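This report concerns only the one structure given below.
FYI, it's all coordinate maths here, none of it is from the lab. Computed from a predicted model, the values in this text were never measured in an experiment. Cβ coordinates were reconstructed from backbone atoms using ideal geometry, including for glycine residues, and neighbour counts include every protein chain displayed.
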Amino acid sequence: MISALGRHSIRIINEIGELALFGSRAAVSLPSQRHVFEKVSRAIFEIGVRCVPITLIVGLFTGLVLGLQLYYVLTKFSSESLLGQAVALSIILEIGPVFTAIMIVGQAGSALSAEIGIQRNAEQIDALRTMQINPIGFLVAPRLWAAIICFPILTTFFDLVGILGGHLTGVELLGVDPGAYWNRIYEAVSVKNIVDGLFKAIVFGVVTTMICSFQGYFTHLKSDVPGARGVSQTTTRAVVLSCIAILMFDYLITSFQMAN
């Protein structure tokens, strides 16, 4: 048992190291590519524009549910006027970055892992290397920088729509005073809160894009079966690992922010 635990621990550490090296190569290889603006623009469309509808829908219903739940909790303490503050801080600091990242991973991250995995199985990555084109810079780097741009923007959309959803539930349906709702938000939310939430979004974007790209790029090594089933296996693993990483980094970043 101890031997098996040691082998698994070493394997996990090795994979984390490989992932870090993979991400660092992708981050520094973009300037050496041709047509950088076109590649990054296409990646922004895939990661950002296509994820706007799902982000807005989930943000709205999250705000609606959060406003409903927090209202009935606050009524027990006769503190209904604090609803705006509770909804805004919950969404900006925690729910917004986490839910947005999970939604993007489910839609764009899975597609990214599957696309690169299919290219690996079709030997297109080997063909790029044969033509002396850096495949990591060509396939991964634009997506990584696009994620750094898109994740904070989509998180901002989620936050705004979520706060509006809390307003619809608390003010329009449950009768909370609208002035108290928005005034509490104005008093409670600081620039630091917004920056902390957007910083989480950037970290989630970097980490999840690296994981999804890494799993697809090495699908021939990470999957137990070849071909299409192997791609589906690594795509599923990429989504699962990305969601775990989001929650893990959320805890670590929150702990660091609270300590400071």
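Taking the Cα centre of the chain as origin and charging only Cβ (+1 Lys, Arg; -1 Asp, Glu), how large is the dipole, in debye to the nearest 20?
720
In nm², what is the average projected area of the convex hull enclosing the Cα atoms of the chain?
Directional mean of the projected Cα hull area for the chain stands at 17.3 nm².
How large is the helix-only mean residue ellipticity at 222 nm for the chain, computed as the sum of -39500 (n - 2.57) over DSSP H runs with n ≥ 4, divided by its residue count, in deg cm²/dmol to the nearest 500?
One gets -26000 deg cm²/dmol as the mean residue ellipticity at 222 nm.
Based on the Kirkwood radius over alpha-carbon pairs, what value in µm²/s does the Stokes-Einstein equation return for the translational diffusion coefficient of segment 198-260 at 25 °C and 0.890 mPa s?
Answer, rounded: 194 µm²/s.
Would you list the P(r) distribution for segment 148-260, with all Cα-Cα distances sorted into 10 Å bins from 0 and each bin expressed as a whole %?
12, 29, 26, 19, 9, 4, 0
Mean Kyte-Doolittle of at least 0.0 plus a Cα span of 27 Å or more along the axis: flag which DSSP H helices in the chain meet both, please.
2-29, 52-75, 141-167, 191-217, 227-259
Quickly rank 38-45, 121-128, 110-117 as a protection proxy: mean count of other C-beta atoms within 10 Å, highest first.
Listed from highest to lowest mean packing, they are 110-117, 38-45, 121-128.
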